[in-house]
Amino acid sequence: MNQGGKNVEILSRLRLVDVNQLAFQERVEPARLNRTCQSILEEGVLRHPIIVTPLMEGRYLILDGAHRTQSLRQLGYMKIPVQVVEASEISFNAWEHLLPLGLWMDTLQQLPTLQWVRKLRKEPPIAEVVYPNYTQFWIYPHENYVNHWIRLQAWHQIVEIYTQNQSVIRLPHGRYVFPESNHVLFRYPTLTLDEVKEIVLAGKEVPAGVTRCIVQERVLNLQIPLTLLTSPISKDEWNRFSEKKANKLRLYSESIYLCEA
């Protein structure tokens, strides 16, 4: 059902911005970046606009779409379609990472900068590690484990160990209690939007794929042609495209499953 005035409001949030106006909150995974680049090239469109929120001085923080943004940049596109959302429309959660057990785990456990403990401390851990045999560990930095930046550096070490060589299955927080045989589950803390902004404004990033941003009324499947991003286009051209798509938007109040294959 066409939502009339509601679609006009959504239309005002769809913008075409310069890639240099976008700030990344997380690092990208090389394997996933390659797959995303290939998918965009094969389809010739960007299916979903990048979700962003205002940061400061005309810049926007990427909440969802880091790999798509970096893919477009690597492919030579300097204009990025975004949907701008406000802080009141955002809630943060954390992705859990399900991974197959392997030699990478031995490498991680031997890092001298990390300590694995069986008893949870008063201070929050960097990660909780859950094995299929109901064994749990908590990971802390080896020293000065209350320092925010040391904790962030250690967090990067953990994630980078396995994202370089393993296929990561991201799961919403709380989906699994214990993983299946031959797998291990990593649980991470949930950051707030203010904490993410603090990290980004300090010139740093969070590890790849750990923050899960849930946005109200996000726009999906616009299928924006790459030809709109190849050369400077007028504001009128972008507005015509947006208006055409806005007239076809449907707002679903019920839960749905969207197949993105």
### Query
In nm, to one decimal, how far is the Leu171 label point from the Asp194 one, both placed 7 Å along Cα→Cβ?
3.2
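For the residues Val184, Val146, what sequence is obtained by ranking on other C-beta atoms within 10 Å, fewest first?
Final ranking by Cβ density, sparse to dense: Val146, Val184.
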### Query
Label-point separation (nm) for Ala87 and Thr107, each offset 7 Å from Cα along Cα-to-Cβ?
3.9
### Query
What are the extents of the Cα atoms of the chain along their three principal axes, listed from largest to smallest and rounded to whole Å?
59, 37, 35
### Distance histogram in 10 Å bins (all Cα pairs of the stretch 110-261, percent per bin)
8, 27, 27, 20, 13, 5, 0
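Once you have the Cα-Cα distance between Thr135 and Leu201, take 0.36 nm times their residue separation minus that, and quote the gain in nm to one decimal.
Details: separation 66, 0.36 × 66 = 23.76 nm, distance 3.78 nm.
Full extension of this stretch gives 20.0 nm more.
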### Message
How long are the semi-axes of the equivalent ellipsoid of the stretch 95-190, taking √(5λ) for every eigenvalue λ of the Cα gyration tensor, in whole Å from largest down?
### Response
20, 15, 13
### Message
Modelling each spin label as a point 7 Å along the Cα-to-Cβ direction, I'd like the Lys119/Val45 distance in nm, to one decimal.
### Response
5.8
### Summary
If the chain between Ser12 and Ala31 were fully extended at 0.36 nm per residue, the gain over the current Cα-Cα distance would be 3.4 nm
### Message
Please compute the contact order of the chain in relative form: average sequence separation of alpha-carbon pairs under 8 Å and at least six residues apart, divided by the residue count, as a percent.
### Response
30
### Task
Mind jotting down the distance between the C-alpha centroids of the stretch 52-100 and the stretch 122-168, whole Å?
24
### Task
First measure r as the distance between the Cβ atoms of Phe178 and Val215, then evaluate 1/(1 + (r/R0)^6) with R0 = 30 Å and state the FRET efficiency to the nearest 0.05.
0.50
### Message
With every atom except the alpha carbons ignored, what do you get for Rg and Dmax of the stretch 143-207, in angstroms?
### Response
13.9, 41
### Query
Which links in Lys79/Lys248; Lys122/Lys197; Lys79/Lys197; Lys119/Lys204; Lys204/Lys235; Lys79/Lys244 stretch past 27 Å when you go from one Cα to the other?
Lys119/Lys204; Lys204/Lys235
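Just the ratio, please: alpha-carbon radius of gyration of the stretch 19-137 over 2.2 N^0.38 Å, N its number of residues.
Details: Rg = 18.8 Å, N = 119, 2.2 N^0.38 = 13.5 Å.
Taking N as the residue count of the stretch 19-137, the ratio is 1.39.
Values quoted throughout were computed directly from the atomic coordinates according to the rules given, and no laboratory measurement underlies them. Since the structure is predicted, the reported quantities are computational estimates derived from the model, not experimental observations. Quick reminder, even Gly has a Cβ in these numbers, built from the backbone with ideal geometry, and neighbours come from all protein chains shown.
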